[in-house]
Amino acid sequence: MNKAITLECTNCRTRVPLDRRVAGCPACGEVMLEARYDLDQINVEEWLKTLRGRREGLWRYKEVLPIYNPDNIISMGEGGTPLLRSRALASMLGLKNLYIKDERQGPTASFKDRQAAVAVSALKEIGVDSVVVASTGNVAIAYAAYCARAGIKLWAFFPSLTPGDKMREAALYGAEVIKITGTYDQTKELAARFARRQGIFLDRGIKSVAAIEAMKTIAYEIAEQLGDSLAEGRHWVTPDWFLQGVSGGMGPIGVGKGFREMLDFGLVDRMPRLANIQSTGCAPMVQAFRRGQRIAIPVDDPQTIIATLATGNPGRAYELLYDYVQQYGGGFFDASDEEAFNAIRILARSEGISVEPATGVTFAGLFKMVQSGVIKPDDVVVVNCSGHTMPVETQILGERWQRSIDLSERANIPNVPQEGIVSALDQIEGQVRRVVVIEDNADSARLIKRMLQAGGALEVALAHDGASGLKLVRQMLPDMVITDLMMPDVDGFEVIDTMKADPDLCTIPIVVISAKELTARERARLNEQVKLLLQKGSAISEDVIDTLVHDLE
């Protein structure tokens, strides 16, 4: 198939040929241009058969990517990332279909590998040998790696808030690293001035055709993977919600474009709602949306330590996302840095997935949307896990992340007696407190157990129904009982009533965690009988866990 690619102005819809010299719309001056393909040339049924024979990865969708000659493709295995179905966290949130798009598994551990692969391939095709990029970390690292592979010189401008490890990694790939003492927006302006003065090609981020085209492949993969997962008899499936932490807005703009193309193809039958989530300390999109404004007022002094979300002026990106939300649904939400780091800990301990702060903001936003009822239990939800935790573990874990045992007195003695190890273990076990968790959902029970054990040295026993839970409580006489309410046969209310009627058990503190919609009478009854009442859908926070552990000491 011979490609017919044009660029369409997002403002006046004027179309021009794909060409390196096009810097904007010749009719109105708009700099936001999107690639358009002659979709009529693609036989969808034949294309689907062809896709089944291709390996996983971004370039399996090459017919709808802006590269003419496959020989110009620069690839390191980007794309084709797994769509992981959440079990434990989904259960705690009361969601039936929660999926995590694991973009950490790219070559440089973030979803910006997609952007770099398509952009650098396009740069090679049009003969660019040097490029300037402004970045808060992930973009520059990905571009540095791909430019090294393509033999293209990269000048990477970073704001000073960027973690040093990220700047060093970009330098390792051979990029010229320039650190700017200023905001990200100031850094972008200085990078643009440098590029103009030196006559070097400037990658314009959200204004880059290649970048939007790269991000749309996330949508293609999600629809294809959901079709396999949900087995609904259709080709591909659209989720009800796509969530992503946003700064410049490239990801959701690209994802939205991908679903629009699939809708035109007839591959999907609807569009997803977009949840664009920002850090509370730098949330110009959220503030404008709440005021009902299509144009965002820039934030001059971002108050967030999450550098990748510190874009104070989203410009045209917000307008495009605002229009999408007005047409297809969704919204703009925010979460604080503290809530983001708490969400990172919860996700790591519930799903075994360690994520970057921008993704922490996304999950913190998810928790709020579920708690407020914006996301419903039956909704199919996909969260973009945009990158790995490194290098912020110290901020996430704080100082209480390990326990130390001193065996130094025996360190120089050969064949240390076994008693020394036993004694060391006794130091740990002496701190243990006992908790019984009664929960019929095995995933929820395991999550509660892991979070309690992570919060302190606890012995946690599990029971999966009320009758066996009461038996376990009588045997262990624990320091606390955590129970669900809705269980077969002996439910949580009966467990509580039985314990309160037994002189040996009546003083044991009880915590209720339940998805049940409580009546006013039930809530009043429980408030008199239990120590704490938690609603599933709010996720268990670190503060709650710390409170429970503290009460056991």
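What follows is calculated from the coordinates using simple rules that are stated; it is not laboratory data. Just so it is clear, the structure is predicted and the values come from calculations on it, not from any experiment. When we count neighbours, we look across all protein chains shown, and the Cβ atoms used for this are built from the backbone with ideal geometry, even at glycine.
When the trypsin sites (Lys or Arg not before Pro) in the range 155-245 are filtered for DSSP coil states and for at most 14 other beta-carbon atoms within 10 Å of their beta-carbon, the remaining sites are 234. A simple charge model with +1 on the Cβ of Lys and Arg, -1 on the Cβ of Asp and Glu and nothing else charged puts the dipole of the chain at about 1780 debye relative to its Cα centre. With the dipole of the chain worked out from charges on the C-beta (+1 for Lys and Arg, -1 for Asp and Glu) around the Cα centre, which of 267, 212, 222 lies farthest toward the positive end? My answer, from the dipole projection, is 212. With 21 Å as the limit, the listed pairs 3/62; 449/500; 101/216; 112/368; 500/531 have 449/500; 112/368 beyond it between alpha carbons.
Annotation for residue 525 and residue 14: the two label points, set 7 Å from Cα along the Cα-Cβ direction, are 7.1 nm apart.
Each Lys and Arg Cβ is given +1 and each Asp and Glu Cβ -1; about its Cα centre, the range 81-163 then shows a dipole of about 340 debye. Quick check: pseudo-label points 7 Å beyond the Cα along Cα→Cβ at residue 197 and residue 168, how many nm apart are they? Label at residue 197, label at residue 168, 3.0 nm between them. If both residues of a DSSP beta bridge must be in the chain, then about 20% of such bridges are antiparallel.
Please go through the range 282-342 and write out the trypsin sites (Lys or Arg not before Pro) that DSSP classes as loop and that have at most 14 other C-beta atoms within 10 Å. In loop regions of the range 282-342 (DSSP not H, G, I, E or B), the sparsely surrounded trypsin sites (Lys or Arg not before Pro) are 291, 294. Look at the dipole of the chain built from charges on Cβ: of 246, 524, 475, the Cα furthest out on the positive end belongs to 246. Note on the chain: dipole from Cβ charges, positive end direction compared against 374, 84, 39; the farthest Cα belongs to 39. Could you work out the local net charge near residue 385, counting Lys and Arg as +1, Asp and Glu as -1, over the other residues with Cβ closer than 12 Å to its Cβ? Local charge sum for residue 385: -2. Helices assigned as whole DSSP H runs in the chain whose Cα atoms extend at least 27 Å along their own long axis and whose mean Kyte-Doolittle hydropathy is -1.0 or higher are found at 209-230.
Checking (i) 29.3; (ii) 28.3; (iii) 25.7 against Kirkwood radius over Cα pairs in Å calculated from these atoms, the matching label is (iii). Summing charges over all other residues whose Cβ lies under 12 Å from the Cβ of residue 114, with Lys and Arg as +1 and Asp and Glu as -1, gives -2.
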